[in-house]
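A quick write-up on the structure given underneath.
FYI, it's all coordinate maths here, none of it is from the lab. Remember, it's a predicted structure, so these values are computed and weren't measured experimentally. Backbone-built Cβ (ideal geometry, glycine too); neighbour counts: all protein chains shown.
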Amino acid sequence: METLFYISSVIAVIATFMVMVKKNVVHALLYLVVSLLAVALVFFVLGAPFIAALEIIIYAGAIMVLFVFVVMMLNLGSKDAERESEWLTAETWAGPVILAAVLLGEVIFILLHRTGPPFSPEIVGSRQVGVALLGPYLLGVELSSILLLAGLAGAYHIGRHFEDEGRGGGRP
Amino acid sequence: MLELLWLIPCLPFAGFLVLALAGKRLEGRAVALVGVGSVALSAILSVMVAVDFMSAPPPGHFYTQTLWQWLDVAGFSPGITFYLDALSLVMMLVVTVVGFLIHLYSSEFMEEDEGYSRFFAYMNLFVGSMLVLLLAQNLLLFYLGWEGVGLCSYLLIGFWYKDPKNGYAARKAFVVTRVGDAAMAVGLFLLYNNLGTLQIQELMEKAHQSWSPGSLLPVAAAALILGGAVGKSAQLPLQTWLPDAMAGPTPVSALIHAATMVTAGVYIIARTHILFELAPPVLAAVAVIGALTLLLSGFSAITQKDIKRVLAYSTISQIGYMFLALGVGAWSAAIFHFMTHAFFKALLFLGAGVIIHGLHHEHDMFKMGGLRRQLPVTFWTFLIASASLSAIPLVTAGFFSKDQILWLAWSSGRGSKWLWAAGIVGALLTSLYTFRMVFITFFGEAHSEVSKKPGTRMLIPLVVLAFLSVTGGYIELPAIMGNVTIFSGFMHTALPPVKPLSGEHMEWILEIIAVVVSLGGVFFAWLFFLWMPGLSARLARTSPGMLLHRFWFSGWAFDWLYGVLLVRPFIWLARINKDDFIDLIYTGIAWYNQAMNSILSLTQNGKVRFYAMGIALGAIITIAIAVLR
Amino acid sequence: MISIPMEYGLTLAGILFAFGLAGVLMRRNVIFILMSIEIMLNAAGLAFVVAGSKWHQADGQIMFIFILTMAAAEVSVGLALVLRFYHRFKTLDADEASRMRG
């Protein structure tokens with residue numbers, strides 16, 4: 001099982017790296033999906049099958065599909081891919097990479113200080129999660145449903161076309 | 001009666017306060033009442049105090065009155081203390097009486113001026129400060145009065161402030177006297193530092209005991225005080241301010257620059273005469289300065305066109321006589337000449353004021369002429385004053401005072417015949433320029449019409465002063481003419497007497513020479529300016545004549561000299577110093593702020609990624625701090 | 001049984017988060033920025049799950065559910081905004097929207 005963990009983490013890292021590097025949007029999206037799937041596998045290894053399933057269904061299944069739809073609507077083509085490569089020059093990614101690396105270094109540094117005993121994951125199944133959701137975290141559930149409602153209304157409103165604006169112009 | 005001494009300076013101060021605070025709201029007559037009345041009351045009180053003092057003199061011939069303790073710090077404790085002796089009494093009498101007459105005169109002269117209350121406020125402040133100066137028992141209070149009169153001089157010269165020329169003249173007067181004041185202050189520091197007190201009598205005692213004549217300290221202190229006196233009294237080398245100070249109203253010139261402030265220098269030298277006697281080189285310098293100044297300004301006066309400038313140079317010259325007298329040790333003679341000079345010089349200025357007032361502020365003598373028919377009272381009083389100034393023998397006060405000086409310049413132990421010669425030449429010049437002024441202004445054909453005749457308030461002072469100019473001298477007659485010594489007898493209770501070293505024979509000879517010289521001056525003036533006026537004009541047009549004329553007209557080019565030596569280097573220095581390194585601190589702060597602003601405003605570029613980077617950076621730093629702790 | 005040190009899980013989360021952060025800062029295309037934000041959210045959720053798994057409790061998973069919900073809402077609104085952005089600026093360059101500079 002551990003090897004499964006290590007393999008999926010390596011896949012996740014590589015896929016995420018490719019997301020960052022790819023110029024074509026759709027390719028990057030697909031790599032992102034792969035990364036999410038790998039992370040779902042990690043969840044599974046860690047004994048959270050419910051979350052693994054949720055990750056695949058919602059994250060990779062709904063959110064990424066949303067991304068793909070939007071990309072299709074925007075009709076981004078090879079011209080955009082060229083522009084992307086224009087934009088991604090060395091001086092552009094040098095700074096962020098350094099910052100991210102420093103941050104990562106700090107995190108690892110903290111982690112190295114606290115090596116605890118390895119744990120044996122038990123499987124925390126959906127039943128347990130459901131009981132906790134409708135128990136102590138009931139308020140959180142309600143709030144997130146309100147959040148989703150807000151997101152729904154907002155997305156609908158913002159994405160709407162007004163009568164006086166055409167498809168390719170007008171002021172928002 | 002002597003206890004009322006403190007009222008004499010305080011009444012003018014009270015008048016000043018009333019006029020300064022409420023003058024604008026009072027109407028003209030009330031203003032005049034307060035302004036003239038305060039000085040009138042002071043004059044009456046002075047006379048009463050004088051009578052009391054002279055009839056029943058207090059022990060030691062002096063009277064002290066302390067109002068309150070001014071300071072008391074580290075053993076230095078001057079008080080507001082007044083000290084009355086013969087010297088300050090005489091000067092106080094002259095200042096208040098002549099001051100009152102001039103105030104009365106100016107209540108009519110300045111009638112149409114919109115600054116009427118301001119004028120009287122300043123004049124009262126001046127009289128108050130002058131009295132404080134004269135009555136001060138310690139040098140600190142004296143210095144207060146000294147500065148006060150300097151301030152009022154500035155305020156009054158620049159009285160018509162809307163014309164920038166007047167402001168320039170006022171500033172020039174202030175700056176030049178400031179040079180003297182600085183020297184005086186250093187002298188006071190020196191005295192206090194070495195002798196530990198500033199009370200004048202105590203100071204003189206200690207100086208007499210601790211310092212030997214001719215040593216460095218008294219010479220330095222006396223020289224510094226002389227520097228201050230030279231500034232205030234407009235002697236060489238600080239005499240340049242007085243002719244320009246004529247920009248002020250004529251009563252101001254009469255009071256401040258003829259009768260009172262300019263004699264403050266004479267007063268202080270007479271007051272600290274013990275110190276000066278301990279410094280013989282300085283005393284000799286006093287005499288030499290007096291002699292040179294009287295010659296220099298005499299030559300300048302014969303070329304002037306403005307009637308007030310003639311009188312200004314004449315004042316400088318006459319104070320030169322007083323300095324000459326002080327320098328040869330004739331202390332009471334100097335004060336005697338001060339008194340008679342106050343009478344006739346104030347009268348001359350007031351008479352000039354009548355003319356100027358009547359001719360609508362015309363100052364040029366050559367545009368006047370024939371005024372004796374139009375202004376008869378003015379003419380006769382002016383003539384009497386001019387006669388007194390020229391020392392016409394026997395009938396004028398000026399004769400007795402000036403000749404006493406000349407006699408003592410020859411015969412005193414510190415005198416010399418060169419000083420006497422300078423005085424004689426000066427006397428010739430005096431009568432020459434005085435009667436030149438009289439003849440051009442009052443005789444000949446009239447070039448202008450008098451539009452405003454003077455009223456009683458202007459004529460009464462003229463008449464009173466004329467009377468004093470004639471009779472004021474009779475209290476002191478020389479030894480060969482009756483030997484009346486009322487004045488010097490009284491003065492010798494406060495100042496040391498002087499012993500003439502030559503005999504009666506010499507005195508007669510010198511007297512005759514003086515008479516010849518003064519009458520000769522009148523004759524020459526008549527010759528050049530009345531009988532053959534073309535002659536002087538032709539002389540002036542020859543090339544050496546023109547050079548001399550220009551040189552003397554500009555006061556022996558002192559203004560040009562000071563401009564080149566002092567003013568221009570100073571301005572140059574100020575200009576190159578405009579951006580010095582101290583300015584760099586201020587402008588540096590501003591520049592730094594601007595630089596920081598332009599740098600930091602680059603971070604406000606509206607780009608989301610940039611802000612996100614800022615967040616990341618902040619997070620990194622915070623975690624780093626937490627980790628490394 | 002299986003023994004995976006918690007640190008490895010958290011390290012994985014850290015690496016993924018760092019990648020996401022670099023992506024946000026590097027990319028100019030708005031869609032890529034949103035994608036990178038998703039990566040970061042995912043990584044944070046992974047950290048939560050790892051922690052919950054160590055303590056054998058459901059709390060980590062519940063936290064992940066909430067994060068997921070929030071990410072979904074955010075993505076929908078965000079993509080709607082991207083559409084608006086595209087209509088307005090005719091380009092997907094994030095640097096174009098810099099009117100609030102200065």
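Descriptive notes on the structure:
- Per-selection Kirkwood Rh - chain C (Cα, Å, 1 d.p.): 15.3 Å
- Summed side-chain charge close to residue B:341 - residues other than residue B:341 whose Cβ falls under 15 Å, Lys, Arg +1, Asp, Glu -1: 0
- Ordering B:344, B:487, B:120 from the fewest to the most neighbouring beta carbons within 10 Å gives B:487, B:120, B:344.
- Folded to 0 to 90 degrees: helix B:397-411 orientation relative to chain B principal axis, Cα: 80 degrees
- Estimated 222 nm signal from helices in chain B, with DSSP H stretches of n ≥ 4 weighted -39500 (n - 2.57), rounded to 500: -23000 deg cm²/dmol
- Sorting B:258-271, A:24-37 by their mean Cβ neighbour count within 10 Å, with the most densely packed peptide first, gives B:258-271, A:24-37.
- Counting, for every residue in A:31-44, the Cβ atoms of other protein chains within 10 Å of its Cβ and taking the mean gives 3.
- Multiplying each eigenvalue of the alpha-carbon gyration tensor of chain B by 5 and taking the square root yields semi-axes of 50, 32, 27 Å, largest first, rounded to whole angstroms.
- Fewest-first sequence of B:471, B:378, B:240 by Cβ atoms within 10 Å of each Cβ: B:471, B:240, B:378
- Listed peptides C:71-81, B:294-304, B:203-213, B:154-164 by packing density, highest first (mean Cβ within 10 Å): B:294-304, C:71-81, B:154-164, B:203-213
- Largest mean-square fluctuation among A:142, A:122, A:84, in a Gaussian network model of chain A whose springs join Cα atoms under 10 Å apart, belongs to A:142.
- Between 0 and 90°, nearest 10: helix C:59-89 axis offset from chain C longest Cα axis: 10 degrees
- Reachable aspartates and glutamates, given that their alpha-carbon falls under 20 Å from the alpha-carbon of residue B:24 and they are not under 8 places away in the same chain: B:108, B:111, B:112, B:113, B:114
- Residue-averaged 222 nm ellipticity for chain A, from DSSP H runs of 4+ at -39500 (n - 2.57), nearest 500: -23000 deg cm²/dmol
- Chain B: angle of helix B:543-553 to the longest principal axis, Cα-based, in degrees nearest 10: 70 degrees
- By the Cα gyration tensor, the protein assembly as shown has an equivalent ellipsoid whose semi-axes, rounded to whole angstrom, run 107, 32, 26 from largest to smallest.
- If you model chain A as an ellipsoid using its alpha carbon gyration tensor, with each semi-axis the square root of five times an eigenvalue, the axes come out at 34, 27, 16 Å, biggest first.
- Across the stretch A:87-98, coupling constants 3J(HN,Hα) worked out from phi with the 6.51/-1.76/1.60 Karplus curve, θ = phi - 60°, read 6, 8, 8, 4, 5, 6, 8, 5, x, x, 4, 4 Hz, and Gly and Pro carry x.
- Remark: mean inter-chain Cβ contacts per residue of C:42-53 equal 5, using a 10 Å Cβ-Cβ cutoff to other protein chain atoms.
- Chain C - mean residue ellipticity at 222 nm from DSSP helices (-39,500 (n - 2.57) per run, n ≥ 4, rounded to 500): -27000 deg cm²/dmol
- Exposure proxy ranking, count of Cβ atoms within 10 Å, fewest first, for C:6, B:481: B:481, C:6
- Cross-link pairs exceeding 28 Å between alpha carbons, from the set A:79/B:607; B:232/B:308; B:165/B:402; B:162/B:452; B:308/B:499; B:172/B:452: B:165/B:402; B:308/B:499; B:172/B:452.
- For the segment B:569-578, counting C-beta atoms of other chains within 10 Å of every residue's C-beta and taking the mean gives 0.
- Binning the alpha carbon pair distances of the stretch B:355-435 at 5 angstrom intervals from zero yields the distribution 3, 13, 18, 19, 14, 12, 9, 6, 5, 2, 0, expressed in whole percent.
- Whole-Hz couplings from phi, Karplus 6.51/-1.76/1.60, listed for the stretch B:95-108; x for Gly and Pro: 4, 6, 5, 5, x, 4, 4, 5, 4, 4, 4, 6, 5, 9
- Whether the stretch B:580-628 is rounded, prolate or oblate, judged on the alpha carbon gyration tensor where a/c under 1.5 counts as rounded: oblate
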